[in-house]
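Beneath this line is the structure, given in structure tokens, with notes to follow.
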Amino acid sequence: MGAGSNYDRRDFVERTTSFDVIIVGARIAGSSLAYECSKAGLSVFLLDKGSFPSDILSTHNFFSNSLAMLREMGVMDRLLETGTPTYRRAHIQFDDTIIDGEYPETNGESECLCIRRTHLDHILFQHACEQRGVVGIEGFRVTDVIKEEDRVAGVVGCYRDGRTERFTARLVVGADGRNSVVRGLVGSQRQMCVPTDYASYVAYVADYRQEGERCVEFYKIGENLAIVFPTSDDLFVVGVMFPLDDHHWRNRFTIDPEQAMRSFVDAKFGSTSSSFPQRLAESRVALPIRGLLGYDNDWHQGMGKGWALLGDALSFKDPAVGQGQHDALYGSRVLTRILTSANDWESAWEEMARSYEQEMGSKMMSRFHMACQFTKNVPATEEQAAVNRLIGSSEEATQTFLGMYNYANEPEDLGAVISRLMQGQL
């Protein structure tokens, strides 16, 4: 059954406390998993401690490969009805090298979309709750998991009015972000961890002017980074990153975030030929600037008896590579397929866990390592600078480089193109 109104949902939950799958966290990872599980005939309890629409600090960009999945889910038209613009071009500057081109088409999609979470999560939650067998509840905070011997068998939590409730399920999924509560409750082990060297601050600006075709802009000058995406509500999202141990700029952002961001961009990017600092100076900051001071690129055990992790709860990657949204959508499909391929979950936990972790690692690990490279403040070597110039000088290399972000190409494809270009120079 679909979710219906809030009254219908509460009434249904009061009568039904056991499900096939309980999903903790109802944003992109949780809602996409609820949709996929519904299509597989599973009953789902989808819950979130917050309410929708609401915002969350995030790199909320979808490359074209993710748009293909959103279209297959049946939500693309609703997302585009928000008026969020699409784009297909990237303008990247690594020190004195420009890489400018279009992302290659994937699965019939050539556009990218950076939609604000206030729109995205609300639409995905509504869409999930409209599916047969999905019950969605907002304002329910999980405080513990139920265990039967060595298996997780449900959750305990409370509503905003203080009432407590317990629900049982064959599987509990933590889709509750990089600081996952479920992950801690089930005892998932962290398998890899690479701390960032950067502090990050994000602003939403109005009246920002781009030159030429609408695009994503990325600048890495020395040890400082900036990125700009066109987003919803006639805004652009602007992120800046600088070394975490730079206490001068951290203090300035604490005292006056807007003035600090404008001054930082002028100081660190003003000496280049880019017009980015001037165009930012002409824009207006529309929402409070938020920061993230240090984070880990991590990878956790993904599944155990009666539980699984999805999205950032499973693996959080540096926002500079923009892979979190894709991984949530892709992971929901993988997990659902593994669940439905097992005849008896109780006798297949180890096999399912092994399959889930192997498939997620095979797909995502190369981008995880890309994120780990971005997250360390290591100056570009002369060799890397030469490779960047080679990429920027070749349309083929540029498109292959951009294709790594939407999975049109793998890192080894770029290596092959660069090798061929270098041989041609000899």
Here are the criteria: (1) surrounded by 21 or more Cβ atoms within 10 Å (Cβ to Cβ); (2) in contact with a Gly (Cβ under 6 Å, 6 or more places away or on another chain); (3) over 18 Å from ILE28 (Cβ atoms). Tell me which single one ALA328 does not satisfy. (3)
Quick one: what pairs do we get from the stretch 217-244, first residue farther than 18 Å from THR272 by Cα, second assigned to a loop (DSSP other than H, G, I, E, B) and of a type in the set (Lys, Arg), C-beta under 7 Å, 6+ apart or different chains? PRO230/ARG214; THR231/ARG116; SER232/ARG116; ASP233/ARG116
Unique residue being under 16 Å from SER362 (Cα atoms) and in contact (Cβ under 8 Å) with a residue 60 or more places away in the chain when the list is GLY294, GLY322, GLY302, GLY306: GLY302
Filter the stretch 233-259 for residues that are out of contact with any strand residue (DSSP E or B) (no Cβ under 8 Å at 6 or more places or on another chain) and either part of a helix (DSSP H, G or I) or among the hydroxyl-bearing types (Ser, Thr, Tyr) (or both); which is nearest to GLY291 (Cα to Cα)? THR254
Can you find, within the stretch 13-53, the residue that is surrounded by the fewest Cβ atoms within 10 Å (Cβ to Cβ) among those that are under 18 Å from ARG160 (Cα atoms) and at pLDDT below 95? GLU14
Which of the residues belonging to the stretch 54-78 are within 29 Å of LEU292 (Cα to Cα) and either assigned to a loop (DSSP other than H, G, I, E, B) or among the acidic types (Asp, Glu) (or both)? SER54, ASP55, ILE56, LEU57, SER58, THR59, HIS60, PHE63
Quickly run through the stretch 174-218 and pick out the residues that are under 14 Å from PRO319 (Cα atoms), in contact with a Ser or Thr (Cβ under 7 Å, 6 or more places away or on another chain) and surrounded by fewer than 22 Cβ atoms within 10 Å (Cβ to Cβ). VAL194, ASP197
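What number of residues in the stretch 90-119 are outside any strand (DSSP E or B) and polar (S, T, N, Q)?
Step one: filter the stretch 90-119 for residues outside any strand (DSSP E or B), giving 95-96, 103-105, 107-108, 110-111, 115-119.
Then keep just the ones that are polar (S, T, N, Q); that gives 107, 110, 118.
The total comes to 3.
Determine whether the stretch 120-129 contains at least one residue that is assigned to a loop (DSSP other than H, G, I, E, B) and hydrophobic (A, V, I, L, M, F, W, C).
Quick first cut of the stretch 120-129, residues assigned to a loop (DSSP other than H, G, I, E, B) only: none.
No.
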Here is a list: ALA320, ALA348, ALA313. Which entry is buried (at least 24 other Cβ atoms within 10 Å of the Cβ) and either in contact with a Lys or Arg (Cβ under 8 Å, 6 or more places away or on another chain) or among the small types (Gly, Ala, Ser) (or both)? ALA313
When residues of the stretch 219-232 are limited to those that are part of a loop (DSSP other than H, G, I, E, B) and small (Gly, Ala, Ser), the one surrounded by the most Cβ atoms within 10 Å (Cβ to Cβ): SER232
Pairing a residue in the stretch 396-418 that is at positive phi with any residue that is surrounded by 20 or more Cβ atoms within 10 Å (Cβ to Cβ) and not in a helix (DSSP H, G or I), where Cβ atoms lie under 9 Å and the two sit 6 or more apart in sequence or on different chains, gives TYR407/PHE63
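Conditions tested, residue by residue: (1) touching a strand residue (DSSP E or B) at 6+ places or on another chain (Cβ under 9 Å); (2) aliphatic (A, V, I, L, M).
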site	(1), (2)
LEU57	yes, yes
PHE94	yes, no
CYS112	yes, no
HIS127	no, no
VAL135	yes, yes
GLU148	yes, no
ARG151	yes, no
Enumeration of residues in the stretch 372-391 that are closer than 30 Å to TYR295 by Cβ and touching a residue at least 40 places away in the same chain (Cβ under 8 Å): CYS372, PHE374, THR375, LYS376, ASN377, PRO379, ALA380, ALA385, ASN388, ILE391
Pairs, first more than 19 Å from GLY311 (Cα to Cα) in the stretch 338-357, second assigned to a loop (DSSP other than H, G, I, E, B) and basic (Lys, Arg), C-beta under 9 Å, six or more apart: GLU346/LYS305; TRP349/LYS305; GLU350/LYS305
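Identify, from the list ARG354, ARG367, the residue that is in contact with a helix residue (DSSP H, G or I) (Cβ under 7 Å, 6 or more places away or on another chain) and either surrounded by fewer than 14 Cβ atoms within 10 Å (Cβ to Cβ) or assigned to a helix (DSSP H, G or I) (or both). Even if it seems obvious, please write down each step before you answer.
Details: ARG354 fails: in contact with a helix residue (DSSP H, G or I) (Cβ under 7 Å, 6 or more places away or on another chain).
Of ARG354, ARG367, the one residue that is in contact with a helix residue (DSSP H, G or I) (Cβ under 7 Å, 6 or more places away or on another chain) and either surrounded by fewer than 14 Cβ atoms within 10 Å (Cβ to Cβ) or assigned to a helix (DSSP H, G or I) (or both) is ARG367.
The values are calculated or read from the model by the stated rules, or taken from the named source; none is laboratory data. Given the structure is predicted, the values throughout are model-derived calculations rather than measurements. A quick note on method: Cβ atoms are made from the backbone with ideal geometry, for glycine too, and the neighbour counts reach across all protein chains shown.
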